[in-house]
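Working notes, structure below.
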């Protein structure tokens, strides 16, 4: 059973939702010969946003943390190089 009460952590504006829904329609038509209407495509989009949005969001946060850690270590190294004795 779907959990529609689970909130999506990602929000898309109207244009982004429309682009994503059309991409879902094209994919399902091209790959599986399924003809979804706009309403159904948005339901699929909502499902993916609720169920997989947190995975993508958390992965992005993890990637940014790793990048910033590397960057801060580089800055720290640069600062040590500037230190005068």
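Listed values, structure above:
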quantity	calculated
Residue in segment 44-63 that is touching a helix residue (DSSP H, G or I) at 6+ places or on another chain (Cβ under 6 Å) and not in a loop (DSSP other than H, G, I, E, B) present	yes
Filter result for the condition that a residue is on the phi < 0 side of the Ramachandran plot, loosely packed, with under 12 Cβ neighbours inside 10 Å and part of a helix (DSSP H, G or I), over 41, 66	66
Selected residue [surrounded by fewer than 10 Cβ atoms within 10 Å (Cβ to Cβ), modelled with pLDDT of 95 or more and assigned to a helix (DSSP H, G or I)] from 35, 30	30
Boolean, residue 8 is modelled with pLDDT of 95 or more and either more than 19 Å from residue 55 (Cα to Cα) or surrounded by 12 or more Cβ atoms within 10 Å (Cβ to Cβ) (or both)	no
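The values are calculated or read from the model by the stated rules, or taken from the named source; none is laboratory data. Quick caveat, the model's predicted, so the values are computed rather than measured. All Cβ positions, glycine included, derive from the backbone under ideal geometry; neighbour counts span all protein chains shown.
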